[in-house]
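Comments concern the structure below.
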Amino acid sequence: MYERDGEWVMEGLDARDPKRIKNMEELYEYVETVGFLPLFSSRVVGFSLEELTASSAWFSGQTEDPWEWRSIAATEGKVVYGKFFDKKAGFISKEWFPYFAAYRRDGYDFDTLYELGMAPRKSMLLMDVLSRQQGIPSYELKTEAGFGKDGEKGFEGAITNLMMQTYVVIDGFERKLNRNGEEYGWPVAKYVTAEAKFGRDMVRSQYKLSKEEALNKILEQMYKLYPDATEKEIRKEI
């Protein structure tokens, strides 16, 4: 996606291209096959859902709208959804998520990380709430954790860092309700710990690997899928 004359332009395929991903089932199949995929275009050419779908389908609100698929995917949990790629959103299969957890966490559960002084207080405040309230919308999480005008700053950065570390994933999206119980505004993300959503055994199943071993496994997959990408480009995304 890039900006041209003040408007955002999608880098997708023609709507008639038979190779495009057309629906949720094809998205799931593709992610299961390749292992992981950002939502929007990245430094690595072809490494995004945006480049594999019809550009005209985005933000249409129709069945073929990939923007709507992210919400369905996050809710259903057939794949993992969150900000995993250079602090940008994307999908990881359940087979590959444990490798990302082994790499990004380096064997530390969050409590240990914080006790050793390796995690900031902002992250602890968010994880404390999420340990008690799963699937909580961002505006509630922000308030419950003490972020806001007179409290902690940097909510978006803190929750994004927890996703990059694989401790937190997105559990779906919902809109706020007014006093009459009517929805309004843009849908906001709901957050949950990875272990609560997918189970401790799955998330930590590759903890036996060192950080370097897990990273090499991910890099090998990237090099196989995108042989023309440079190591610098790949490492920036992973």
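Summary of computed values
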| read-out | value |
| --- | --- |
| Scan of region 153-187 for residues that are over 20 Å from Tyr108 (Cα atoms) and buried (at least 16 other Cβ atoms within 10 Å of the Cβ), ordered by number | Phe155, Ile170, Asp171, Gly172, Phe173, Glu174 |
| Test: residue in region 188-207 that is surrounded by fewer than 19 Cβ atoms within 10 Å (Cβ to Cβ), of a type in the set (Val, Ile, Thr), part of a helix (DSSP H, G or I) and modelled with pLDDT of 95 or more | no |
| Matching residues in region 64-84 - criterion: being surrounded by 18 or more Cβ atoms within 10 Å (Cβ to Cβ) and acidic (Asp, Glu) | Glu64, Glu68 |
| Enumeration of residues in region 19-48 that are in contact with a Phe, Trp or Tyr (Cβ under 8 Å, 6 or more places away or on another chain) and under 17 Å from Trp96 (Cα atoms) | Leu27, Val31, Gly35, Phe36, Leu37, Pro38, Leu39, Phe47, Ser48 |
| Filter result for the condition that a residue is farther than 27 Å from Lys208 by Cα, basic (Lys, Arg) and surrounded by fewer than 18 Cβ atoms within 10 Å (Cβ to Cβ), over Arg43, Arg20 | Arg43 |
| Flag if Glu233 is without any contact (Cβ under 8 Å) to a residue 12 or more places away in the chain, of a type in the set (Asp, Glu) and part of a helix (DSSP H, G or I) | no |
| Count of region 170-187 residues which are assigned to a strand (DSSP E or B) and at negative phi | 11 |
| Conditions (1) more than 30 Å from Glu212 (Cβ to Cβ); (2) more than 18 Å from the chain's Cα centre (by Cα): number failed by Glu29 | (2) |
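Residue-wise test of (1) out of contact with any His (no Cβ under 9 Å at 6 or more places or on another chain); (2) of a type in the set (A, V, I, L, M); (3) closer than 21 Å to Ser48 by Cα; (4) modelled with pLDDT of 95 or more.
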{"position": "Lys83", "(1), (2), (3), (4)": "yes, no, yes, yes"}
{"position": "Ser93", "(1), (2), (3), (4)": "yes, no, yes, yes"}
{"position": "Phe100", "(1), (2), (3), (4)": "yes, no, yes, yes"}
{"position": "Glu115", "(1), (2), (3), (4)": "yes, no, no, yes"}
{"position": "Thr160", "(1), (2), (3), (4)": "yes, no, yes, yes"}
{"position": "Met164", "(1), (2), (3), (4)": "yes, yes, yes, yes"}
{"position": "Ile170", "(1), (2), (3), (4)": "yes, yes, yes, yes"}
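The values are calculated or read from the model by the stated rules, or taken from the named source; none is laboratory data. Fair warning: this is a prediction, and the values are worked out from it, not measured in the lab. Backbone-built Cβ (ideal geometry, glycine too); neighbour counts: all protein chains shown.
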